[in-house]
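First the structure, in the form of structure tokens, and then the observations on it.
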Amino acid sequence: MPLTATVAVVLGAGLDSLLAEPPTRLHPVVWFGRLVEPFDAEWANPRAVSLAVAIGLPFLAAFVVWSVVDAAAALHPFVATVLAGLVLFATTSLRMLLDAARDVVALTETDLDVARHELRALAGRDASALSTGEVRSAAVESLAENLADGLVAPLFGFALLAPLSLSLAAGAAAWVKAVNTLDSMLGYRSKPVGWAPARLDDAVMWLPARLSALLVALAAGAPTALVRAREDARVPTSPNSGWPMATLAVALDVRLEKAGHYRLNAGNPLPTVADAERGVRVVAGAGVLAIALAGVVAWF
């Protein structure tokens, strides 16, 4: 079981490196999103619906994945390993994020308007009036935050349960991704059922966000950056996203800023192109460390 789980981690990472993302029409996360959409509506008792959605939909996603992988294991361990690798491919993302960040950073030198437009692939903020430095800041911030959401958290869930069962590990990765997806779709104060998905995501991401910050510090060759970033990590309203972002800001010795919301490592300049490119390399290295760590934990 440990060997098959580690092979699944390697397979998932390999597919991500080669293909970046599954085709949209075949992407399980897209299917899950369509399941969530009808709940984004007004309800007579929004709190009850919010709680039911937060508990029920991620459980459903995890149960389906667990059932499929468990049935495959009864046929042959190799089939279950391949399916678990495909689950990790669908629930994690690194190459797409890195490619998007590289494109935005490069465009800040040649076409700021296009860079602002392409930033939407990484950050949901209004970029229409952002300067070149602010666009690069947004790209780097979002890359650091998405390292935790898009890679470390599902891998952590998988590795945590891999010693017990490959099917449970795959189900855990699906559950974490479902929680993140619910939060990204519904977890806002403006959404009638946003309360429970947002709170659940805060709880689930507490440890992965801090682990991501540690990996960023190690990948940057600045292990003390995590300690130096502690105060700034609490500046964003999110209890989690500030950790990898602030750590990366300190490691790069730049200011990362979302106007009107937060300034991380204030007193330093916004990132230059060289700074932002280094930030992409650091997050890429942190991602590799996360994959390697998940493989080792799954092995044992």
Checklist line | Number of the condition not met by Ala294 [criteria: (1) over 21 Å from Val140 (Cβ atoms); (2) touching a Gly at 6+ places or on another chain (Cβ under 7 Å); (3) of a type in the set (Gly, Ala, Ser); (4) touching a residue at least 40 places away in the same chain (Cβ under 8 Å)] | finding: (2)
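Filter the range 27-55 down to residues that are surrounded by 12 or more Cβ atoms within 10 Å (Cβ to Cβ) and of a type in the set (Gly, Ala, Ser) and give me whichever is farthest from Ser184 (Cα to Cα). Break it down into steps so the answer makes sense when it comes.
Of all residues in the range 27-55, those surrounded by 12 or more Cβ atoms within 10 Å (Cβ to Cβ) come to 27-33, 35-36, 39-40, 43, 46-55.
Right, trim to of a type in the set (Gly, Ala, Ser) and you get 33, 48, 50, 52, 54.
On the way: Gly33: 10, Ala48: 19, Ser50: 14, Ala52: 17, Ala54: 12 Å.
The selected residue is Ala48.
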Next item on the list: Kindly indicate which of Gly12, Gly33, Gly56 is closer than 18 Å to Arg199 by Cβ and either at pLDDT 95 or above or touching a helix residue (DSSP H, G or I) at 6+ places or on another chain (Cβ under 9 Å) (or both).
Entry: Gly56
Notebook entry, point to check: If we scan the range 76-84, do we find a residue that is without any contact (Cβ under 8 Å) to a residue 24 or more places away in the chain and assigned to a loop (DSSP other than H, G, I, E, B)?
Noted result: yes
Check: Pairs, please: C-beta under 8 Å, at least 6 apart or cross-chain, first residue touching a residue at least 60 places away in the same chain (Cβ under 8 Å) and closer than 21 Å to Leu155 by Cβ and in the range 175-195, second part of a helix (DSSP H, G or I) and among the hydroxyl-bearing types (Ser, Thr, Tyr)?
Finding: Val176/Thr91; Lys177/Thr91
Next item on the list: Pairs only if they're at least six apart or on different chains, beta carbon under 6 angstrom, first in the range 203-227 and over 19 Å from Leu94 (Cβ atoms), second aromatic (Phe, Trp, Tyr) and modelled with pLDDT under 95; list them, first residue then second.
Entry: none
Item checked: Complete set of residues in the range 260-300 that are in a loop (DSSP other than H, G, I, E, B) and either touching a Cys at 6+ places or on another chain (Cβ under 9 Å) or closer than 15 Å to Ala249 by Cβ (or both) -> His261, Asn265, Ala266, Gly267, Asn268, Pro269, Leu270, Pro271, Thr272
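Based on what the data block shows, is Arg120 within 24 Å of Asn265 (Cβ to Cβ), surrounded by fewer than 23 Cβ atoms within 10 Å (Cβ to Cβ), at pLDDT below 95 and basic (Lys, Arg)? Full working, then the answer.
Details: within 24 Å of Asn265 (Cβ to Cβ): no; surrounded by fewer than 23 Cβ atoms within 10 Å (Cβ to Cβ): yes; at pLDDT below 95: yes; basic (Lys, Arg): yes.
No; evaluated as a whole, the condition is false for this residue.
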Check: Looking only at residues in the range 271-287 that are among the small types (Gly, Ala, Ser) and surrounded by fewer than 24 Cβ atoms within 10 Å (Cβ to Cβ), which one is nearest to the chain's Cα centre (by Cα)?
Finding: Ala284
Check: Regarding Ala290, is this residue farther than 28 Å from Val9 by Cβ, at pLDDT 95 or above and under 19 Å from the mean Cα position of the chain (by Cα)?
Finding: no
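Can you tell me which residue within the range 97-127, out of those that are in a helix (DSSP H, G or I), of a type in the set (D, E, K, R) and touching a helix residue (DSSP H, G or I) at 6+ places or on another chain (Cβ under 8 Å), is nearest to Ala284 (Cα to Cα)? Don't jump to the end; show me each part of the working.
Let us first name the residues in the range 97-127 that are in a helix (DSSP H, G or I), namely 97-110, 112-121.
Remaining after also requiring of a type in the set (D, E, K, R): 99, 102-103, 109, 113, 116, 118, 120.
Okay, now just the ones that are also touching a helix residue (DSSP H, G or I) at 6+ places or on another chain (Cβ under 8 Å), so 102-103, 109, 116, 118.
Numbers: Arg102: 11, Asp103: 15, Glu109: 22, Arg116: 22, Glu118: 20 Å.
Top of the filtered list is Arg102.
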Checklist line | Lone unmet requirement of (1) under 23 Å from the mean Cα position of the chain (by Cα); (2) not in a helix (DSSP H, G or I) for Trp43 | finding: (1)
Margin query: Being farther than 28 Å from Ala13 by Cα, of a type outside the set (Phe, Trp, Tyr) and modelled with pLDDT of 95 or more: is that true of Ala196 here?
Written below: yes
Notebook entry, point to check: Filtering the range 226-249 down to residues that are among the charged types (D, E, K, R) and in a helix (DSSP H, G or I), which residue is nearest to Glu141 (Cα to Cα)?
Noted result: Asp232
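Taking the range 153-165, which residues are in contact with a Pro (Cβ under 8 Å, 6 or more places away or on another chain) and crowded, with 20+ Cβ neighbours inside 10 Å? Lay out the reasoning, then the answer.
Going residue by residue through the range 153-165, those that are in contact with a Pro (Cβ under 8 Å, 6 or more places away or on another chain) are 153, 156, 162-163.
Correct list: Ala153, Phe156, Ala162.
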Next item on the list: Mind listing whichever residues of the range 137-153 are farther than 9 Å from Gly279 by Cβ and in contact with a Gly (Cβ under 7 Å, 6 or more places away or on another chain)?
Entry: Leu147, Leu151
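The values are calculated or read from the model by the stated rules, or taken from the named source; none is laboratory data. Small disclaimer: the values here were computed from a predicted structure and weren't measured. Backbone-built Cβ (ideal geometry, glycine too); neighbour counts: all protein chains shown.
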